[in-house]
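Asker: My questions all concern the structure below.
Values quoted throughout were computed directly from the atomic coordinates according to the rules given, and no laboratory measurement underlies them. Quick caveat, the model's predicted, so the values are computed rather than measured. Please note: Cβ atoms are built from the backbone with ideal geometry, for glycine as well, and neighbour counts cover all protein chains shown.
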Amino acid sequence: MKKPYFKILLFTFCLFSKQVIFSQIYFEGNKILSPYYGFPNFGSLILPNSEMNGLNSNYKSIGPLGIRAEYMVSNNIGLGFDFIYNSYKLSFTRETTVYYGNTGQWLSEYTQVEKQMKRIRFQFRYNYHFQVDNPTIDWYGGAGIGSNTRFYKNSENGQEIISTQNSSLENSSTTNTSTNVFPVSLRIFGGINYYFNSHFCIGFEMGLGGALLSTSINYKIY
């Protein structure tokens with residue numbers, strides 16, 4: 001007579017145990033890989049409007065994009081890194097008027113200008129994952145700190161122009177191949193992950209000091 005009740009009790013306990021396990025998304029030792037793409041690229045904000053509106057102007061940008069990795073040191077706390085890359089390239093034709101004394105004429109001269117910037121940041125991250133009732137949702141927040149390096153390259157008519165002075169791309173006649181005006185980068189962020197199954201999820205993150213908004217496809221490794 002007791003055997004059916006024992007089976008029912010055991011079955012109920014198993015269901016409850018599975019629900020508890022499923023409702024906990026992360027456990028100590030889990031690893032998460034997150035390639036992502038973010039926006040906007042703020043590089044164009046430092047370019048003079050006159051150059052953006054130059055003859056035959058062309059502007060291209062990449063990123064910010066990168067990959068994040070995280071290791072869960074507890075069920076709620078994760079430590080990891082964030083590799084951030086973004087770049088832009090501007091090309092245009094500069095028109096200048098030159099007076100030729102031998103002819104007594106003012107003539108236009110055209111210079112093909114190309115400006116490039118690449119920025120690389122490598123940050124160490126601290127993530128805190130909040131407990132929520134929904135077993136498919138992960139809310140988190142945290143902060144990061146790391147390096148900050150920019151690489152500049154300017155050229156006119158196909159010839160690279162190099163300067164030993166720190167200069168921005170606003171000066172079209174000089175370039176600085178590597179600049180660390182502020183060599184440390186900081187980031188604060190918050191985000192949400194939605195898990196399709198026990199391994200894959202889509203993530204959205206908002207923060208300062210990197211991508212303002214980013215979306216990622218995450219893979220969790222047990």
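Asker: List the extent of the Cα atoms of the stretch 63-112 along each of their three principal axes, largest first, rounded to whole Å.
Answerer: Answer, in whole Å and largest first: 80, 12, 11 Å.
Asker: A follow-up question, please. Residue by residue through the stretch 146-156, what is 3J(HN,Hα) from phi via Karplus (6.51 cos²θ - 1.76 cosθ + 1.60, θ = phi - 60°)? Round to whole Hz and write x for glycine and proline.
Answerer: x, 8, 8, 9, 10, 10, 10, 8, 10, 8, 10
Asker: Sort 101-112, 116-127 by packing, meaning the average of other beta carbons within 10 Å per residue, with the highest value first. Intermediate results must be reported in sequence, preceding the final value.
Answerer: On the way: 101-112: 9.2, 116-127: 19.0.
Descending packing order for the listed peptides: 116-127, 101-112.
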